[in-house]
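Novice: Mind having a look at this structure? Questions to follow.
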Amino acid sequence: RDVMVEGESGLLACYPDAERPLYEPSKRRITWPNGAIATTYSADEPERLRGPQHDAAWADEVAAWNRAREAWDMLMFGLRLGANPQTVATTTPKPLSLLREIEESPETVTTTGSTYANAANLAPVFLSKILRRYKGTRLGRQEIDGERLDDIPGALWSRQMIDDARVSV
């Protein structure tokens, strides 16, 4: 809610007054003047996604979800309305099996972005400090360049070797 709805670049801030949707926090509902309705959910409560059905979803920062697999699965079961239900997932590209599965799905269209592409919207002091400290580091490659880093340099086993050896119970 704090970022996606009420944040500086959240849904409410993206519309001029005449087109701004009505946000009802107690109902977790956003209603646009044209009648479109969005319901907000927390990935920390995946069971709330059991039952409701949708034709579209925006899943933000999936890599940071505490219960990512459970929440994603419940979201997918409810994404069953309309001719072509779709999800937009915006996230830091962390090396998580769920994110790899989403990206490798034949239905997925992947777009990437970097901090450089967003530089015009960032405080110059912030950008300078972040680039000076993290540019060229592993963390910088992930957070600034938007690169998914699957392996740790010098590791005895690669992530792919571990995934290939997993056993389902």
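The values are calculated or read from the model by the stated rules, or taken from the named source; none is laboratory data. Since we're looking at a predicted model, the values are computed, not measured. As a convention, Cβ positions derive from the backbone with ideal geometry for all residues, glycine included, and neighbour counts pool all protein chains shown. Each accessible area value is taken on the protein alone, full model and side chains, heavy atoms only, with ligands, DNA and RNA left out. Shrake-Rupley method; radii C 1.70, N 1.55, O 1.52, S 1.80 Å.
Novice: Could you tell me which residue out of 169, 4, 110 lies farthest along the dipole of the chain toward its positive end? Charges go on the beta carbon: Lys and Arg +1, Asp and Glu -1, centred on the Cα centre.
Specialist: With unit charges placed on the Cβ atoms, the residue in question is 4.
Novice: Taking Cα centroids, how far is segment 104-169 from segment 1-51 in Å?
Specialist: 28 Å
Novice: For segment 47-112, what is the relative contact order in percent, using Cα pairs closer than 8 Å and at least 6 residues apart in sequence?
Specialist: Taking the mean separation of contacting Cα pairs over the length of segment 47-112, I get 40 percent.
Novice: List, in order, the whole-Hz ³J(HN,Hα) value for each residue of segment 106-117 obtained from phi through the Karplus relation with A = 6.51, B = -1.76, C = 1.60 and θ = phi - 60°; use x for Gly and Pro.
Specialist: Coupling constants for segment 106-117: x, 7, 7, 10, 9, 10, 10, x, 10, 4, 4, 5 Hz.
Novice: What do the square roots of 5 times the Cα gyration tensor eigenvalues come to for segment 36-139, in whole Å, largest first, as semi-axes of the equivalent ellipsoid?
Specialist: With the √(5λ) rule applied to segment 36-139, the semi-axes are 31, 15, 14 Å.
Novice: When the chain is fully extended, how far beyond the present Cα-Cα distance does residue 109 get from residue 130, taking 0.36 nm per residue of separation?
Specialist: Result: 4.7 nm gained on full extension.
Novice: Probe radius 1.4 Å, ligands and nucleic acids left out: which of 137, 112, 92 has the largest accessible area, and how do the rest follow?
Specialist: 112, 137, 92
Novice: Just add up the charged neighbours of residue 37: K/R +1, D/E -1, any other residue whose Cβ is under 12 Å from the Cβ of residue 37.
Specialist: In short, +1.
Novice: If the only charges are +1 at each Lys and Arg Cβ and -1 at each Asp and Glu Cβ, what is the size of the charge dipole of the chain around the Cα centre, to the nearest 20 debye?
Specialist: For the chain, the charge dipole is close to 400 debye.
Novice: Under a point spin-label approximation (7 Å from Cα along Cα-to-Cβ), what is the residue 80-residue 156 distance to one decimal in nm?
Specialist: If labels sit at residue 80 and residue 156, their model points lie 4.6 nm apart.
Novice: Give me the accessible area of residue 26, 1.4 Å probe, in Å² rounded to the nearest 10.
Specialist: Ignoring ligands and nucleic acids, residue 26 comes out at about 110 Å².
Novice: Which far-off residues, 5 or more places away or on another chain, put their amide H under 5 Å from the one on residue 29, with H placed in the peptide plane?
Specialist: Sorted by chain and number, the residues that satisfy this are 24, 40.
Novice: Then there's this: Skipping prolines and chain starts, which residues have an amide H placed within reach, meaning under 5 Å, of the one on residue 59, given they are 5 or more residues away or on another chain?
Specialist: For residue 59, the qualifying residues are 88, 89, 90.
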